[in-house]
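Here is the structure we will look at, set down as structure tokens.
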Amino acid sequence: MNTEESGGSADWKQGSLQYFHSKNLLEKVRELLKSFSAAKKTMSIYPVNHEMCIRAVEDFRNNFDDYLMWKNSFSLRIVGDELFFEEKLLPRESVLFYSLIQELKSKEIGGINLIAGLTPLEFTDFISLINTKSEELAERGGLANLMQKAGIHNILIDEPGTWEEKATEEKLRPSAREDYFNAVDVIRELADQVMTDRRLSVNKANRVVGAMVNRVGENSAAVLGLASIKSYDEYTSYHSINVLILSLALGSMLPLDRNSLMVLGTGALLHDLGKVAIPQAILSKTGPLTSAEWRIMQEHPAKGADILLAQPGVHPISVLIAYEHHARYDLKGYPQIGAKDKISLFSRIVEIADVYDAMTTVRPYQKARTPDQAIRVLVKDMGTAFDPLLVKVFIDMMGLFPVGTLVKLATGELGIVYEQNEADLAAPKVKLIRDRAGAEIEPNIVDLIHLKEKISEVGGAVLQSLDPQSLGLDIIPYL
């Protein structure tokens, strides 16, 4: 596709994208592109274990390490027949690497994103895949599925035309909230694919998980606030994203590396996919389930695991998460787990996230608990339903009053927990939204540690948590 054929891309490039202002950074980008292209060419000639290939991969690794001193990821994009680094046009490189551009386009690649943590093995496997004939890639399930199967998590690919379809103004990075609702759209699409017996878009799921891994790494407190978003009508979709966020945040506290977080996140995102096979009448029933209905409901973990097992590119541990997330720490849940002492670590993480979000959401058969009430349930069931160590880490992460909790202060104002204080989990930072008389005020953030010092005689800065729905309050705009 040439530039004129790509619609608005010419205007987009002329009006919004600028040339580099940093000569040094441009040089790092050029060297990285040269070593990438050289490695691809070398590995198309020699076996991957040949000395020439090993040297080419090492050269690329050295150039990537140099580049990482400037930025923590590298985004190469293709618009028409031209290369862009992030949103910046590379006119000279577009000519020098024309053959590379055409080869990438022939493999249905519209962009490549290299992330800090990329290993030589991941790079070698990726180059081997893009050196494979397009027909063979298609026969083996497609490039994205093969990348997932090979454990390539620090290289993400964009679909062709992704950047040609952007608006004429400069493409800004989505906000965390936009990432959240994009994720909701993807989980809806995946559910529809299951219902219509189509192959899952595993690559889209990976991109959702990758975006959330990045967000959690940058500012986990802000992302945890998004887990307060709920939907009565679309419980499963929103619940899946909230469980993803909570699981990644908990996993990052352990800490897990990026590859592990990607596997954990995929399992968390898809953990309830088996509910697609459960009749809606059972899922939305307002009264208690009958014994027969409960047996059907208990089938959803196994059904979800079966669905994921049939999909190319889904990691076995992600499948295990779907199967085990209701089995409980003491193995007294469902389905019955035999031949081992406990469920997997990742399943124990997702179990906590799953129950916490379910408890804090209105369902046809239950009122929502406040976040601090849900925390108390987790504590009560430590050692039986939940891994006690993970619950302790979860509380350290969430605080006694998690982000998004509506609280009434001892001084009478209403506020929403905005951020935790590591020094005192009982005294978070709160965004005040109502005065003592209940009148709406301009939101402002107060640190309850200071308030607690002034009113220590009443026993704490927070008097009680409240249910925002009962007061007709939507807390999401304040987060």
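Quick note: the coordinates plus some simple rules give every number you see, no bench work behind them. A quick note: this is a predicted structure, and the numbers were derived from the prediction, not measured. For neighbour counting, all protein chains shown are included, and Cβ atoms are generated from backbone atoms with ideal geometry for every residue, glycine included.
Only sites in a loop by DSSP and with at most 14 other Cβ atoms within 10 Å count here; which trypsin sites (Lys or Arg not before Pro) in region 177-220 make the cut? Intermediate values should be presented prior to the final figure.
Values: sites: 177, 188, 198, 199, 204, 207, 215; in loops: 198, 199.
Taking region 177-220 and a limit of 14 other Cβ atoms within 10 Å, the loop trypsin sites (Lys or Arg not before Pro) found are 198, 199.
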Worksheet item: Normalized C-alpha radius of gyration of region 399-438, against 2.2 N^0.38 Å?
Response: 1.10
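To the nearest µm²/s, what D does Stokes-Einstein give for region 293-415 at 25 °C and 0.890 mPa s, using the Kirkwood radius over alpha carbon pairs as Rh? Don't jump to the answer; show the numbers that get you there.
Numbers: Rh = 16.0 Å.
Here the translational diffusion coefficient equals 153 µm²/s.
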Item to complete: Using only Cα atoms, tell me the angle between helix 235-252 and the longest principal axis of the chain; keep it within 0 to 90° and round to the nearest 10.
Response: 80
Response to the item:
Computed over the Cα atoms of region 330-478, the Rg and Dmax in Å are 17.5, 60
Worksheet entry | 20 Å Cα-Cα threshold exceeded, pairs from 40/133; 41/107; 28/105 | 28/105
Worksheet item: Taking the Cα centre of the chain as the origin, how large is its charge dipole in debye, to the nearest 20, when only Lys and Arg (+1) and Asp and Glu (-1) carry charge on their Cβ atoms?
Response: 800
Discussion item. Using only Cα atoms and rounding to the nearest 10 degrees, what angle (0 to 90) does helix 23-43 make with the longest principal axis of the chain?
Written reply: 70
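Compute the orientation-averaged projected area for region 406-478 from the convex hull of its Cα atoms and round it to one decimal in nm².
Numbers: hull surface 18.9 nm².
Averaged projected area of region 406-478's Cα convex hull equals 4.7 nm².
Between the DSSP loop rule and a limit of at most 16 other Cβ atoms within 10 Å, which trypsin sites (Lys or Arg not before Pro) in region 282-332 are left?
Values: sites: 285, 295, 303, 328, 332; in loops: 285, 328, 332.
Counting only loop positions with at most 16 other Cβ atoms within 10 Å, the trypsin sites (Lys or Arg not before Pro) in region 282-332 are 285, 332.
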Worksheet entry | Rounded Å value of the spacing that divides the Cα centres of region 89-164 and region 302-377 | 34
Worksheet entry | Amide H partners (placed H, <5 Å) of residue 46, local residues excluded | none
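What's the Cα-based Rg to Rh of region 176-398, Rh via Kirkwood? Don't jump to the answer; show the numbers that get you there.
Details: Rg = 16.1 Å, Rh = 17.3 Å.
Result for region 176-398 is an Rg/Rh of 0.93.
Regarding the chain, what is the average projected area of its C-alpha convex hull, in nm²?
On the way: hull surface 106.6 nm².
Taking the Cα atoms of the chain, their convex hull projects to 26.6 nm² on average.
How would you order 26-36, 245-255 from highest to lowest mean count of nearby Cβ atoms within 10 Å?
Numbers: 26-36: 18.6, 245-255: 22.4.
Taking the mean over residues of other Cβ atoms within 10 Å, the ranking is 245-255, 26-36.
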Worksheet item: Taking the Cα atoms only, what angle lies between the long axis of helix 371-380 and the longest principal axis of the chain, rounded to 10 degrees?
Response: 80
Discussion item. If I take R0 = 35 Å and measure r between the Cβ atoms of residue 317 and residue 96 in this structure, what FRET efficiency does the formula 1/(1 + (r/R0)^6) give, to the nearest 0.05?
Written reply: 0.25
Worksheet item: Just for the chain, what percent of DSSP beta bridges are antiparallel, to the closest 5?
Response: 95
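Please report the relative contact order for region 4-158, taking Cα pairs under 8 Å with a sequence separation of at least 6, and give it as a percent rounded to a whole number. Working shown, then result.
Working: 170 pairs, mean separation 34.7, N = 155.
About 22 percent, as a whole number.
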Worksheet item: When N counts the residues of region 4-158, how does its alpha-carbon radius of gyration compare numerically with 2.2 N^0.38 Å, as a ratio?
Response: 1.04
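Hand me the GluC sites (Glu not before Pro) from region 368-472 located in a DSSP loop with no more than 16 other Cβ atoms within 10 Å, in residue order please. Present the calculation step by step, with values, prior to reporting the outcome.
Working: sites: 413, 419, 422, 440, 453, 457; in loops: 413, 422.
Here the sparse-neighbourhood loop sites are 422.
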